[in-house]
1. Which numbered condition in (1) in contact with an Asp or Glu (Cβ under 8 Å, 6 or more places away or on another chain); (2) at pLDDT below 95; (3) more than 25 Å from TYR881 (Cβ to Cβ); (4) among the hydroxyl-bearing types (Ser, Thr, Tyr) is the only one that TYR1005 fails?
2. Scan segment 791-809 and report the pairs whose first residue is over 11 Å from ARG748 (Cβ atoms) and among the β-branched types (Val, Ile, Thr) and whose second residue is modelled with pLDDT under 80 and part of a loop (DSSP other than H, G, I, E, B), with Cβ atoms within less than 9 Å and a gap of 6+ or a chain change.
3. So ASP337 ticks every box in (1) at pLDDT below 95; (2) touching a Lys or Arg at 6+ places or on another chain (Cβ under 8 Å) but one. Which box is left unticked?
4. Restricting the search to segment 342-383, which residues are under 30 Å from LEU453 (Cα atoms) and part of a strand (DSSP E or B)?
5. Only one residue in TYR558, TYR570 is touching a residue at least 12 places away in the same chain (Cβ under 8 Å), in a strand (DSSP E or B), farther than 29 Å from THR518 by Cβ and assigned by TED's automatic domain parsing to the domain that holds ALA484. Which one?
6. With crowded, with 16+ Cβ neighbours inside 10 Å and either touching an Asp or Glu at 6+ places or on another chain (Cβ under 9 Å) or assigned by TED's automatic domain parsing to the domain that holds SER365 (or both) as the only criterion, which of GLY298, GLY279 stands out?
7. Can you tell me which residues in segment 107-141 are of a type outside the set (Ser, Thr, Tyr), part of a loop (DSSP other than H, G, I, E, B) and closer than 20 Å to ASN954 by Cα?
8. Consider LEU587 against the criteria (1) part of a strand (DSSP E or B); (2) closer than 20 Å to THR621 by Cα; (3) over 35 Å from the mean Cα position of the chain (by Cα); (4) not polar (S, T, N, Q): it satisfies all of them except one. Which criterion is unmet?
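The values are calculated or read from the model by the stated rules, or taken from the named source; none is laboratory data. From a predicted model like this one, the values you see are computed outputs, not experimental measurements. Virtual Cβ from ideal backbone geometry, glycine too; neighbours counted across all protein chains shown.
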Amino acid sequence: MKKFLLLCFSFVFVLSAWAQERVITGKVTSAEDGSALPGVNVVVKGTTNGTVTDADGKYSLSVPSSSANLQFSFIGLKSAEIPVGERSVVDVQLALDVTQLSEVVVTGSGVATDKKKLGIAVESVAGDKLPQTPTASIDQALIGKIAGAQISSVSGNPGDPVNILLRGINTIQGGTKPMIIVDGAQLGATDINSLDLSNVDRIEVVQGAASASIYGAQGANGVIQIFTKKGKAGKISVNFSSSYSENTFLNVGNVKKADLHPYLTDANNNIVAPASAGGGILAYIPEGSIEGISYEFGGGQNGSPSPRGVGGATRYAVQDIRNIANKPYNANLKYYDHFNQVFQTGSTANNSLNISGGNDKSDFSISVANNHTVSPVLKNGTINRSNLTANIGFELVKGLRIRSITQAIYTKNDLKPRLGAAGGFQYGRGNSLGDIGGVYGFLNTSPFLDLTLKDPDGNYSFYQTADFLSVNSANPYYYLQYTAGDDRKIDILQNFEANYTINKFFEVNAKYGINYRTENAKWTFFNQSQNRNSFYYRPNYAGIYAADNTGEIVNWNYQNTFQNFLANAYFRTDLQEDFGFKLPISLSTQVGFDYRKKVYQEYTTYGTELPLQPPINMASTKTQAVASLADGIITGDYIEPFITYGYLVNQKIEYGDFGGITAGFRSDWSSAFGGGATPATFPHGDIHVLPSTFWKSSSLSELMPYFKIRASYGEAGIQPGAFDRYPVLNAAGIGSSNAAYTYQTTVRNPNLKVEVSKEFEVGTDFTVNAGKGAWFSAINGSFSYWSRTSEDVIYRVPAPPSTGGIDQLNNAINLSSHGIQFSISVPVYTSNNLKWDFTTNWGSQISMVDAIRGGADIILTSNAGSTSLVLTPGQPIGQVYGYKALTSFDARDINGNRYIAPSDENLYEIVNGKVTKKSDYQMQFADFQVPVMNPNPDFNASFINSFNYKDFINLSFQFDWIQGSKLYNQTKEWMYRDGIHGDFTKPVTINGQTGAYVAYWSSAYYNLWGSTRGAGNNATKDFFVEDASFLRLRNVSVAVDFARFTKIQSLKKLQLVLTGRNLLTFTNYTGYDPEISSGSVNSSFDRGVDHSTLPNTKSYQIGLNIGF
């Protein structure tokens, strides 16, 4: 009996112990993509009993009873509380917490910092939020993603960079390009658009001097930092993506050439020569042109009208009011759509493979990618870019982690010269568009000339002219036949990082990055001496240095080496935790050293007189030489070294979760500074307060759980050019063997100072819980106001003759800018099956010229044709000057006198809002220049929506809105010159008569007050200033993940993606594309001119993403 009772007691004890404590296992995964989540805290509610998930997201935990609740938490994810019940396995998915805002960022603070504890504005974009654009370039993907930033795709030529203006214009000659950092080291040789978009983990952006002050003399334009993907602890992950797109150029303004004409015709509508030239029906001559063309009417002697067919064979007969563009091309000469002949359908193929993995001691990520693009310009060539990235990190000994990141990029570009080729003077700096000079030529070719026509020998014509028409023509098909481009470049990015945590107080970090690029662009202009057109219209041929049409080869060689070494030491302590202080004060001290060295080399040679038959190479040329470059460069053999280094001290003090303050400075030395040894010091400071901490225990916390106020001040700089302070001589030949040297026209200045930007910023970040249901559960926002001044801005000012030059570089200009920006993110609807998230980014900024030394305006040189750009105190930067059309009869001249006397008003009328003379149909323009256009937009905004249904279907789309920007349509202006723009077929009513009067339309090009031709030719006029505001469907994407329906456990993703880019544009702009700009890339002032630039492309893409 005793034994039986003992056995029963033991059995009851075991049952009781099992009931009181048992082991629960499970797995924690991401609700976003189903991946395992290592490091998640799992705690039994109300106890200290807990564990963390392993590398596979799995956990095991003893719980006391079936009534226990498990709490799962991880930074940045929504916490979950799950009752155990009778289960022994508890699996859970954790979703992103959009209300926590506990994102950790590095850029602008120098060390990984919780975003809630920053007094500066830092924007961050996750890699999976960047659209997979056909170009596969990071700069294109960033458009519309950063609040306040003006990032514009200004050219549709494959491989061209975008314009980036983060916050205010701070310099004139230095441009707006921000500093680009990759994994902590500056990108100093490689273009951002050469990097692999599929390998981006996240991007952080600081936009102004207040937040970029720690970057010293190179941070005034802001900083974009790219972090590449690392391996994650857990099983090896394999991801493959492939896509194909077709791309066509936009023509949102329906640009076309006039399909009706005013030329002299016979009874059958054949275009004929005047009687004085034989009167025959016109036809192509063997050289591919038309001879003998004439307007129907032309002015006689002293302006008296001549009979039909007399006096019309001249350019200025376009101003005869009897000429009307109302005749179709339906007889001997036909109408050709040159845009369809030249702008064809290009394509892009992207493929990428990533293999990654790791454990708690090491991680790795290996990526390969390829982008293959066929140009839509005559499909004249391709760009083929291949990327290889290896990101490997490991713990060498306890506390010491080593990381090596290697990127190798090979790019082959065989686009042809004048049709998009890479190359040209200073192209290796990465601030130039491809060579598209051939676009201007076909835009100025009369529509009755067939670009595809071949002569009797089977060759294309270069100069298709018709006497006084098409005098600026050049046939892209000629370049297609007689040129070849071969650009090859190799980029290497190597970053080494060592981070040693000595103890809980001290940490040291060292990074070394080397960025190397070597590029050779070879342009071949074949021997054209057998081409009928080139011989007939000599010296018209394709070439650069050659004195005739026998051909040439130009070799542009660029080499860029950039080294960046950074060393930082950190001391951190929590006085309450570490030393028993009653106040929750924590301290963080950073001391750093930063060294940069850049060497840019350019070596350009050419050879002329090529044979007609192979071999065609430099050895087969008869003469060779080193090229001469532009002012500022001595010869085509050019080396530019540049060194800068600096010290940084940063002190941060935090008071619990209530707020904190940061202050510090950076001092930089540079080979470009005046005197060579004088440092430039840049102070900075910021403060942030979290009022939400004060009410976290009240009911207000449920409404607004997060509210931060921040303010910051900082200074940052832009350095002079490498040789701006050194006297430089130009080389000049004397005779056949001797050389001489002369001063450059712009004299250098040994006392130049660094350009300094000083910025104050104030802002707030917040979360408002808008509701507890499925709709609008939270509103997350960020707002900033900033104001900046830029002093000692460098530019050329007039110099006395004793200097030996015309002008001299000087710290001559003061600038100012200010703006506001905000970002709102809302989970519009959230349920178990459907999620709808919305984000809007908005910004407005203006940059002004405050003062110019000497007070005189500065006339600027534009790369965009002949547009007048002027810097004037009190005016916006980039202001375009020109002649205004008279819009009322009492318009005044520069002296305040009326142009039109009251007694003469009956001689004029208002046509389309402009004063027009009844006798000659000429629009009237003032005879003095005034500001006619500010190209900068009033504001820019983006609207991003994403929908997710059961993690099966994803729909996302982004609209970009640019409001108030202006473009000077110089493409239209040049087409007006020869009367070939489509506008010339539009009828107008003048003096009671209605017709498509070419005299009226052409007067926009020719006329100024008092002169119907001459001074007004090719002058900048407000007639061609247009509103370039637009709303664009930038990106739309639909993705379906079929892996949800497969039973293959290792298959994480099998996603089919359909994407469209630039599918819709709403605008009043009458050109191809309101977003383009023909000026220098990232220029501070050379913006807002559309001069024969390739528009952006409309793309349709299909892709497949596979993950294991």
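1. Failed condition: (3).
2. Cβ pairs passing all conditions: ILE806/THR745; ILE806/ALA799.
3. (1)
4. Of all residues in segment 342-383, those under 30 Å from LEU453 (Cα atoms) come to 342-348, 373-383.
PHE343, GLY346, SER347, THR348, THR373, VAL374, VAL377, THR382, ILE383 - these are the residues of segment 342-383 that are under 30 Å from LEU453 (Cα atoms) and part of a strand (DSSP E or B).
5. Values: TYR558 fails: farther than 29 Å from THR518 by Cβ.
Selected residue: TYR570, the only one of TYR558, TYR570 that is touching a residue at least 12 places away in the same chain (Cβ under 8 Å), in a strand (DSSP E or B), farther than 29 Å from THR518 by Cβ and assigned by TED's automatic domain parsing to the domain that holds ALA484.
6. On the way: GLY279 fails: crowded, with 16+ Cβ neighbours inside 10 Å.
Just one listed residue meets the conditions, GLY298.
7. Quick first cut of segment 107-141, residues of a type outside the set (Ser, Thr, Tyr) only: 108, 110-112, 114-123, 125-132, 134, 136, 138-141.
When the remaining residues are screened for being part of a loop (DSSP other than H, G, I, E, B), the result is 108, 110-112, 118-122, 130-132, 134, 136.
Scanning segment 107-141 gives LEU130, PRO131, GLN132, PRO134.
8. Failed condition: (2).
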